[in-house]
1. Take the range 2-16 and flag every residue that is within 16 Å of the chain's Cα centre (by Cα) and surrounded by 13 or more Cβ atoms within 10 Å (Cβ to Cβ).
2. Filter the range 116-129 for residues that are in a helix (DSSP H, G or I) and in contact (Cβ under 8 Å) with a residue 60 or more places away in the chain; which is nearest to the chain's Cα centre (by Cα)?
3. With respect to Arg64, is the statement that it is farther than 26 Å from Tyr133 by Cα and either outside any loop (DSSP other than H, G, I, E, B) or touching a Ser or Thr at 6+ places or on another chain (Cβ under 9 Å) (or both) true?
4. With at pLDDT 90 or above, among the hydrophobic types (A, V, I, L, M, F, W, C) and more than 19 Å from Tyr89 (Cβ to Cβ) as the only criterion, which of Val8, Val28 stands out?
5. Test of understanding: among Val39, Val28, Val47, Val12, which residue is farther than 21 Å from Ala159 by Cβ and part of a loop (DSSP other than H, G, I, E, B)?
6. Could you tell me whether the range 75-83 includes any residue that is closer than 28 Å to Asp163 by Cβ, modelled with pLDDT of 90 or more, among the acidic types (Asp, Glu) and not in a loop (DSSP other than H, G, I, E, B)?
7. When you go through Cys50, Cys86 one by one, which is the residue that is at pLDDT below 90, out of contact with any Asp or Glu (no Cβ under 7 Å at 6 or more places or on another chain) and among the hydrophobic types (A, V, I, L, M, F, W, C)?
Amino acid sequence: MIKIDPYVPSEVCLACDGCCRYAEHGSVWAPLFLFEEIVALSEKNVVPSCLFTHSANKAGKAARINLIQGKGSFVCPCLSLSDNACKIYSQRPLDCRLYPFLLLRQDGGAFLAVDEKCPYARENIDSQATRKYARGLAALLASPSVVVLMKENSEIIQAYPGDYRILEPLPF
């Protein structure tokens, strides 16, 4: 597992009701789990493998978790609506550990971007601390072992509709 320090302070994150909620069932914003993450969570009986959609992917590849109907939206089944916390926080997938940063595929290249819908990211995007965090995250993602992982799991680098800002190019 790639260690990524959280960007958004937990008290800010838990007070927000933006993450883990989606307007549509098959949202591109819903987290993708690497195949290895699905296997690990399934083997430990943390998240059953039946919660993942492989219909658009081949077996052995990343898969999107199936969202469930929530209060006026679709939600990640790993979200506890009572306290706004992730039920699998310590084992959450890379896609979630990165958020509000995104692995973006655009014009044939890969980029580190930030989702400007995240209130904390939007308010702090131009800060020195955010620039430093993004550079460090890009350096981590450019490490040889992570580059291999990304090349083996290229489906996790996605095209997203607007509301993001590209920060750094990535080597995969």
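1. Result: Ile4, Tyr7, Val8, Cys13.
2. Of everything passing the filter in the range 116-129, Ala121 is nearest to the chain's Cα centre (by Cα).
3. Considered against the rule, which asks whether it is farther than 26 Å from Tyr133 by Cα and either outside any loop (DSSP other than H, G, I, E, B) or touching a Ser or Thr at 6+ places or on another chain (Cβ under 9 Å) (or both), Arg64 comes out as yes.
4. Step by step, each of Val8, Val28 is checked, and only Val28 is at pLDDT 90 or above, among the hydrophobic types (A, V, I, L, M, F, W, C) and more than 19 Å from Tyr89 (Cβ to Cβ).
5. Just one listed residue meets the conditions, Val47.
6. No, the range 75-83 contains no residue that is closer than 28 Å to Asp163 by Cβ, modelled with pLDDT of 90 or more, among the acidic types (Asp, Glu) and not in a loop (DSSP other than H, G, I, E, B).
7. It is Cys50.
Residues checked against (1) under 19 Å from Phe172 (Cβ atoms); (2) modelled with pLDDT of 95 or more; (3) loosely packed, with under 14 Cβ neighbours inside 10 Å:
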position	(1), (2), (3)
Glu36	yes, no, no
Val46	no, no, yes
His54	no, no, no
Ala63	no, no, no
Gly70	no, no, no
Leu94	yes, yes, no
Asp115	no, yes, no
Tyr120	no, yes, no
Ile125	no, yes, no
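The values are calculated or read from the model by the stated rules, or taken from the named source; none is laboratory data. Because the structure is a prediction, the values reported are computed rather than measured. Positions of Cβ are generated from backbone atoms using ideal geometry, with glycine treated the same way; all protein chains shown enter the neighbour counts.
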